[in-house]
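Data block below; observations after.
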Amino acid sequence: MNTITAAGGTGRREKRGPVLRKWVLTLVMTAFGLIMLLPFAWMISTSFKTPLEVFRFPIQWIPDEIVWKHHEKVWTGPGNFVSYYVNSLKVSVISTVGAVAFAALAAYGFSRVKFRGRDAMFFIYLSMMMVPPQILFVPKFVLFDWMGIYNSHLALILPGMFTIFGVFLLRQFFITVPHEISEAAFIDGAGHPKIFWHIILPLAKGPLATLTILDFSWHWNDYENALIFLIDKNLYTVPLGLQNFVLENSVDYNGMMAAATAAMIPMILVFLLGQRFIIEGIANGAVKG
């Protein structure tokens, strides 16, 4: 009897250990997550404060009175963000759609189509990731000036439609799809276009959503290329507009935080819209494993 009781107590302690470690890990990760969110919370809070409340110590997270004039200045004042938003949405959406489409096609070719030198070509293509993008600024400047697209959004859109990382990401997923599926489709008379569109792409919702979010964020936050290839102020994207706003309002900290909050909104929306597909893709991958 005592032996059975002791064994039961030991079993309960053994089960309690992993549960306790899981709770501790959850609390630690939650604490780190909250610490990372503090700067964003301060930024949003400051955008609604009065100038006197910005430097109040200890920090006043909730302002005494909600002040909307800083956000109104960002959207309706001189040099407002409306044109910057339109330009950034144009560049980011077109570039992202093109990048995801071309990356999916290239990844399918590198993973599902057999041809001589395929792996060597992919290795050379992948090695281009080691080339710093800053090295290409001068050649791109000369090329764009020769093509007549310098100081236009095409100078950002056309290079943005090609992503080496995107090809690598999708290829790594495509090679995990069983080849028996493709072979069965070939037997039924389907060709590569039909297999790619009706079989491979529906299985790749998670990786495609991940690439879309990452690529959109890269283009939305692209400051260097916009700074070098855009001169006309009417063509400025959000990063350039934000920098221009900061230079013109160097002491308006509330306005700066309101402008930064406005610049962050599309990123949050894109993530919220795409996270369902990412989680779905991870769950499907776990079931397959």
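Of Val93, Ile200, Tyr223, whose Cα points farthest to the positive end of the dipole of the chain (charges on the beta-carbon: +1 Lys, Arg; -1 Asp, Glu; origin at the Cα centre)?
So the residue furthest toward the plus end is Ile200.
Give the ranking of Thr176, Thr212 by solvent-accessible surface, highest area first, calculated with a 1.4 Å probe.
Thr176, Thr212
Can you give me the C-alpha center-to-center distance between segment 60-105 and segment 146-180, rounded to a whole angstrom?
Segment 60-105 and segment 146-180 have Cα centres spaced 23 Å from each other.
Can you tell me the dipole magnitude for segment 71-283 around its Cα centre, using point charges on the Cβ only (Lys, Arg +1; Asp, Glu -1), in Debye to the nearest 20?
The calculated dipole for segment 71-283 is roughly 480 debye.
Can you sort Arg56, Arg171 by solvent-accessible area, 1.4 Å probe, largest first?
The ordering from most to least exposed comes out as Arg56, Arg171.
At q = 0.16, 0.25, 0.29, 0.33 Å⁻¹, what is the log10 ratio I(q)/I(0) for segment 173-217, with the Debye formula run over Cα points and no solvent?
Cα-only, vacuum Debye calculation for segment 173-217: -0.48, -0.87, -1.02, -1.16.
So for each of 23-35, 99-111 I average, over its residues, the number of other beta carbons within 10 Å; can you give me the resulting order with the highest mean first?
So the peptides 23-35, 99-111, ranked by packing, come out 99-111, 23-35.
As I understand it, the dipole of the chain uses +1 on the Cβ of Lys and Arg and -1 on the Cβ of Asp and Glu, about the Cα centre. Which of Val246, Phe277, Asn151 lies farthest toward its positive end?
Positive-end residue among those listed: Phe277.
Roll a 1.4 Å probe over the protein heavy atoms and report the accessible area of Tyr253 in Å², nearest 10.
We get 100 Å² for Tyr253.
When N counts the residues of the chain, how does its alpha-carbon radius of gyration compare numerically with 2.2 N^0.38 Å, as a ratio?
That works out to 1.35 for the chain.
Applying a 10 Å radius around every beta-carbon, put 119-130, 134-145, 197-208 in order of their mean neighbour count, most first.
Highest to lowest by the protection proxy: 197-208, 134-145, 119-130.
Once the Cβ-Cβ distance between Trp61 and Ile231 is put in as r, and R0 is 30 Å, what FRET efficiency do you end up with, to the nearest 0.05?
Working from the Cβ atoms, E equals 0.15.
For Met129 and His192, what does the FRET efficiency come to when R0 = 22 Å and r is the distance between their Cβ atoms, rounded to the nearest 0.05?
0.25
With a 1.4 Å probe and all protein chains left in place, how much of the accessible area of the chain comes from carbon and sulfur atoms, in whole percent?
Answer for the chain is 72 percent, counting heavy atoms of protein chains only.
Could you put His70, His192 in order of accessible surface area, largest first, with the 1.4 Å probe and the full protein assembly present?
Ranking His70, His192 by accessible area, largest first, yields His192, His70.
Return the distance in nm (one decimal) between the two label points of a simple spin-label model at Phe115 and Val54, each offset 7 Å from Cα along Cα→Cβ.
5.7 nm
Considering the options Trp42, Ala209, His179, tell which one lies farthest towards the positive end of the dipole of the chain, charges being +1 on Lys and Arg and -1 on Asp and Glu at the Cβ, about the Cα centre.
His179
The values are calculated or read from the model by the stated rules, or taken from the named source; none is laboratory data. This structure is a prediction, so every number in the text was calculated from the model and none was measured. When we count neighbours, we look across all protein chains shown, and the Cβ atoms used for this are built from the backbone with ideal geometry, even at glycine. SASA here: full protein model, heavy atoms, side chains in, ligands and nucleic acids out. Shrake-Rupley method; radii C 1.70, N 1.55, O 1.52, S 1.80 Å.
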